[in-house]
Amino acid sequence: MIQTDRLYSADDLYTVLQREDEPLREYDARFSHDYSRCPKTDDRAAYSAFKSGLQSSHFQYLVHNSNWRTYDELMKQAAVHAKAEYFNSKPRPSARQEKSVTKSYPGQTDDSSAG
């Protein structure tokens, strides 16, 4: 029988890797969950494991070249970058869609046809 609620060690954290095309926020959440199950693992080991599990990205570059020293600083920056990554990945309405939205208000006229 597989024991699913066992406690993890720092070594186990090094097996938590960001999957290809996995958003940073999902990797962060998975890693944080596993780290919460490692009561004897210190922040320094968690910092190193998180950093080593990152896929090649702008955030990975920032982590390797930053002066962030603590796990808390790293997680705060990961949250900021994950939020930006999320909002930058959302599709934006086209100019045509925006124009149809602005015309949808009752009584509004198209200024370009006025003359």
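Taken together, the values in this text are just the output of simple stated rules run on the coordinates, not laboratory data. Computed from a predicted structure; not experimentally measured. Cβ atoms come from the backbone with ideal geometry, glycine included; neighbour counts cover every protein chain shown.
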> Out of residues 5 or more away from Cys38 or on other chains, whose amide H comes under 5 Å of its own, with H placed 1.01 Å from N in the peptide plane?
Replying inline: Tyr8
>> How much length would be gained if the chain were fully extended between Arg37 and Asp72, taking 0.36 nm per residue of separation minus their Cα-Cα distance, in nm to one decimal?
In response: 10.9 nm
> Lys/Arg Cβ at +1, Asp/Glu Cβ at -1, dipole of segment 10-91 taken about the Cα centre: which of Leu54, Asn67, Pro39 is farthest positive-ward?
Replying inline: Asn67
> Tell me, Asp28, Asp11 in order of fewest to most beta-carbon neighbours within 10 Å?
Replying inline: Asp11, Asp28
> In nanometres, what is the gap between the two model label sites at Asn65 and Glu85, each 7 Å from Cα along Cα-to-Cβ?
Replying inline: 1.8 nm
> If you stretched the chain out fully between Ser56 and Ala29, how much longer would it get, using 0.36 nm times the residue separation minus the C-alpha to C-alpha distance?
Replying inline: 7.9 nm
> Which three semi-axes in whole Å describe the equivalent ellipsoid of segment 10-91, each the square root of 5 times a Cα gyration tensor eigenvalue, listed largest first?
Replying inline: 21, 14, 11
> What ranking of Glu85, Glu26 emerges when the number of other C-beta atoms within 10 Å of each C-beta is taken as an exposure proxy, fewest first?
Replying inline: Glu26, Glu85
